[in-house]
Ligand SMILES: NC(=O)c1ccc[n+]([C@@H]2O[C@H](COP(=O)([O-])OP(=O)(O)OC[C@H]3O[C@@H](n4cnc5c(N)ncnc54)[C@H](O)[C@@H]3O)[C@@H](O)[C@H]2O)c1
């Protein structure tokens, strides 16, 4: 088992590592600079790991900054607070940002690092399964605007992604189940073996949350994401396949004001719609379609129903992947193989909502 995976981006290359202790790693990173470091996290993570955070805050060059929980933290206001604090504490170009949290912390910390003094180093310490398999890798950073999620941001790569899997021991089951949507997505779009592995161990995963099995899944997902990002960092073509289930998923999240569903739960629904379209209008066979639906049916999701199609379509139309009313929709040809399709119409997307 490789415990270091390279994201190969020339001068911006970095490694994803499975580590035993985030504290030792941070002590090592902080001692590599004489400048100030900022550890960005959230109150509930701080409370769960208080002793460890306190140990780190004793270091004279680490200051801890806690941001709010939830999507509302991904704002200009949070970035202003962080960068003002950096300036008042004399952060310089050799300072390092340490992002200890889920996707919200990672997106904010990465964006703050990317703009402070036109860019300082940051290291990702993902604490949620979603961040371990997805958001900490690839350098997408950013904040939300009233008109949509992640509308302001940069692609700015971290110096390293350090995964301490023990964080999952405190993560609520609902968060773990939701993040499995992203892991299953990698199986759908890219890796039939991963799909088969998850399908064969799904009951065990859902009931026991075995760290050993999750670790195997995380490593495979990191390998896939790093392959895809290494080939297409700016999402010109290949990286788009990572959006499988996301066009409808994001619209469902928006439709419910980002409150009813976790991101991964919305992606489960988005993938159901994308599978329906792949079967009805693409190449996905009935057999593969049913196999895929069977795996998704193992997850107990909050029920949703979309009645206002006009409202729903405003979210579809504001998707960053829509260019001049042309939807770039990701369809499956078979499990493990995907395509970017230009021919899915708005009407067909609405038709697919019947599988929710
Ligand atoms: N940058 C990217 O490529 C990318 C990709 C996918 C998603 N995202 C973004 O990621 C965000 C969602 O991330 P998320 O699902 O990690 O949610 P999150 O960051 O909101 O974390 C979910 C909750 O879990 C708590 N938490 C975190 N770690 C914990 C732990 N170990 N134990 C207990 N509680 C813990 C958090 O405080 C929070 O309350 C969204 O904003 C989304 O836009 C970014």
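The single residue among 35, 88, 63, 13 that is assigned by TED's automatic domain parsing to the domain that holds residue 150, under 28 Å from residue 222 (Cα atoms) and at pLDDT 95 or above turns out to be 13.
Kindly establish whether residue 212 is over 16 Å from the mean Cα position of the chain (by Cα), surrounded by fewer than 21 Cβ atoms within 10 Å (Cβ to Cβ) and free of Cβ contacts under 8 Å to residues at least 40 places away in the same chain. Yes: the conditions hold for residue 212. Examine the stretch 166-175 for a residue that is more than 15 Å from the chain's Cα centre (by Cα), assigned to a helix (DSSP H, G or I) and more than 10 Å from the ligand (Cβ to nearest atom), and state whether such a residue exists. Checked against the condition, which is being more than 15 Å from the chain's Cα centre (by Cα), assigned to a helix (DSSP H, G or I) and more than 10 Å from the ligand (Cβ to nearest atom), the stretch 166-175 yields at least one hit. Under the condition of being surrounded by fewer than 19 Cβ atoms within 10 Å (Cβ to Cβ) and either in a helix (DSSP H, G or I) or in contact with a helix residue (DSSP H, G or I) (Cβ under 7 Å, 6 or more places away or on another chain) (or both), the residues counted in the stretch 50-64 number 9. Checking 189, 205 one by one, the residue that is farther than 30 Å from residue 72 by Cβ, in contact with a helix residue (DSSP H, G or I) (Cβ under 7 Å, 6 or more places away or on another chain) and modelled with pLDDT under 95 is 205 and no other.
The numbered conditions (1) within 25 Å of residue 233 (Cβ to Cβ); (2) in contact with a helix residue (DSSP H, G or I) (Cβ under 7 Å, 6 or more places away or on another chain); (3) free of Cβ contacts under 8 Å to residues at least 60 places away in the same chain are all true for residue 140 except (2).
Out of the residues in the stretch 136-165 that are closer than 18 Å to residue 98 by Cβ and near the ligand (Cβ under 9 Å from one of its atoms), which is surrounded by the fewest Cβ atoms within 10 Å (Cβ to Cβ)? Top of the filtered list is 139. Looking across the stretch 98-115, the residues that are part of a helix (DSSP H, G or I) and either within 10 Å of the ligand (Cβ to nearest atom) or in contact with a strand residue (DSSP E or B) (Cβ under 6 Å, 6 or more places away or on another chain) (or both) come down to 103, 104, 105, 106, 107, 108, 109, 110, 111, 113, 114.
Yes/no matrix, rows are residues, columns are (1) touching a residue at least 24 places away in the same chain (Cβ under 8 Å); (2) out of contact with any helix residue (DSSP H, G or I) (no Cβ under 8 Å at 6 or more places or on another chain):
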{"position": "38", "(1), (2)": "yes, no"}
{"position": "47", "(1), (2)": "no, yes"}
{"position": "71", "(1), (2)": "yes, no"}
{"position": "78", "(1), (2)": "yes, no"}
{"position": "99", "(1), (2)": "yes, no"}
{"position": "110", "(1), (2)": "yes, yes"}
{"position": "118", "(1), (2)": "no, yes"}
{"position": "122", "(1), (2)": "yes, no"}
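Residues that are at negative phi, in contact with a strand residue (DSSP E or B) (Cβ under 7 Å, 6 or more places away or on another chain) and either part of a helix (DSSP H, G or I) or surrounded by 17 or more Cβ atoms within 10 Å (Cβ to Cβ) (or both) do not occur anywhere in the stretch 299-314.
Taking the conditions (1) assigned to a helix (DSSP H, G or I); (2) within 12 Å of the ligand (Cβ to nearest atom) in turn, residue 125 satisfies each one other than (1). Within the span defined as the stretch 68-84, one or more residues are farther than 23 Å from residue 46 by Cβ and either part of a strand (DSSP E or B) or in the same structural domain as residue 30 (by TED's automatic domain parsing) (or both).
The values are calculated or read from the model by the stated rules, or taken from the named source; none is laboratory data. Fair warning: this is a prediction, and the values are worked out from it, not measured in the lab. Methodologically, a virtual Cβ is constructed for each residue, glycine included, from the backbone with ideal geometry; neighbour enumeration extends over all protein chains shown.
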